[in-house]
Amino acid sequence: MFIEPRVGNRHNAPRRGWIEVVCGSMFSGKTEELIRRLTRARIARQRVEIFKPAIDTRYHAEDVVSHNAARIRSTPVAIASEILLLAAGSDVVGIDEGQFFDSSLVNVCEQLANNGIRVIVAGLDMDYLGRPFGPIPALLATAEYVTKVHAVCVCCGEIASYSYRIAASASQVLLGETDLYEARCRPCFLEGMQAKEPTPEARPAAAH
Ligand code: ADP
Ligand code: MG
């Protein structure tokens, strides 16, 4: 379990910020872990702000909600730079579904952390084809603390790292839940992908 880092104890030292990333497949407990950390920060009487991309309204327009129905109030934002304006005065900033933001999210998180804010980003590390997803890979490189959480493979019960898409769509962003996605381990993911007709995106480029 992640233990919050202790802030340095030099007298009169400026407040230190840092970046934490919680990544993994769908159903791996990213949102649960984000809510757990933010709840503890609130118990410590820190000023906490939570953001999510406005496109993600699967459960609720404003709340961040986990698959086991834990929830916390958040502010939906259309673009990452809005977070900079809205987070002024916070001690801790939580961001869910980070993969849906563009690459500017990395710079936004850097600026917040440079200004002494603890930033916690939860997001999918891979898309439905197993490719690195949006700004999360770059955040993994720049974060001080990285936690990869795992789901349970619905086919075999092993540890799952992949979000297997049951539906036929080839769009990278397709919002859905258990109706569209399954958590799968590597062998069960590969088996499913091989059984599928190759989509234009997944098909290897033709040799010249
Ligand atoms: P994430 O944000 O990573 O998609 P959540 O934090 O919203 O995940 O939800 C995690 C919860 O999802 C688990 O505590 C469990 O109740 C539920 N769940 C549903 N399917 C699975 C699965 N295949 N593996 C693990 N947990 C699952
Ligand atoms: Mg989630």
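What is the log10 of I(q)/I(0) for region 18-150, computed with the Debye formula using one identical point scatterer on each Cα and no solvent, at q = 0.16 Å⁻¹?
-0.71
Between Asn115 and Ala138, 0.36 nm times their residue separation minus their Cα-Cα distance comes to what?
6.3 nm
Ala61 versus Leu84, label points 7 Å from Cα toward the beta carbon: distance in nm?
The answer from the label model is 2.8 nm.
Using Cα atoms only, what is the angle between the long axis of helix 104-114 and the major principal axis of the chain, expressed in degrees (0 to 90) to the nearest 10?
That helix lies at roughly 30 degrees to the long axis.
Shape of region 31-75 from its Cα gyration tensor (a ≥ b ≥ c, root eigenvalues): rounded if a/c is under 1.5, otherwise prolate when a/b > b/c, or oblate?
oblate
For region 18-150, what % of the accessible area comes from carbon and sulfur atoms, probe 1.4 Å?
52
What residues qualify as long-range amide H neighbours of Ala80, i.e. H under 5 Å apart, gap of 5 or more or another chain, H built at 1.01 Å from N?
So Ala80 has HN proximity to Asp102.
Using a 10 Å cut-off on Cβ atoms, rank the peptides 173-180, 133-140 from the highest mean neighbour count down.
So the peptides 173-180, 133-140, ranked by packing, come out 133-140, 173-180.
So with the 1.4 Å probe, I'd like the accessible area per residue for region 1-111, rounded to whole Å².
52
Run the quick spin-label model on Val173 and Ala54: label points 7 Å from Cα toward the beta carbon, then report their separation in nm to one decimal.
Taking the simple label geometry, Val173 and Ala54 are separated by 1.2 nm.
Using R₀ = 35 Å, calculate the FRET efficiency as 1/(1 + (r/R₀)^6) where r is the Cβ-Cβ separation of Leu180 and Tyr145; round to 0.05.
0.70
The values are calculated or read from the model by the stated rules, or taken from the named source; none is laboratory data. Computed from a predicted model, the values in this text were never measured in an experiment. Note: ideal-geometry Cβ built from the backbone for every residue, glycine included; neighbour counts use all protein chains shown. The protein model used for the area step is the full one, side chains on, heavy atoms only, and it has no ligands, DNA or RNA in it. Shrake-Rupley method; radii C 1.70, N 1.55, O 1.52, S 1.80 Å.
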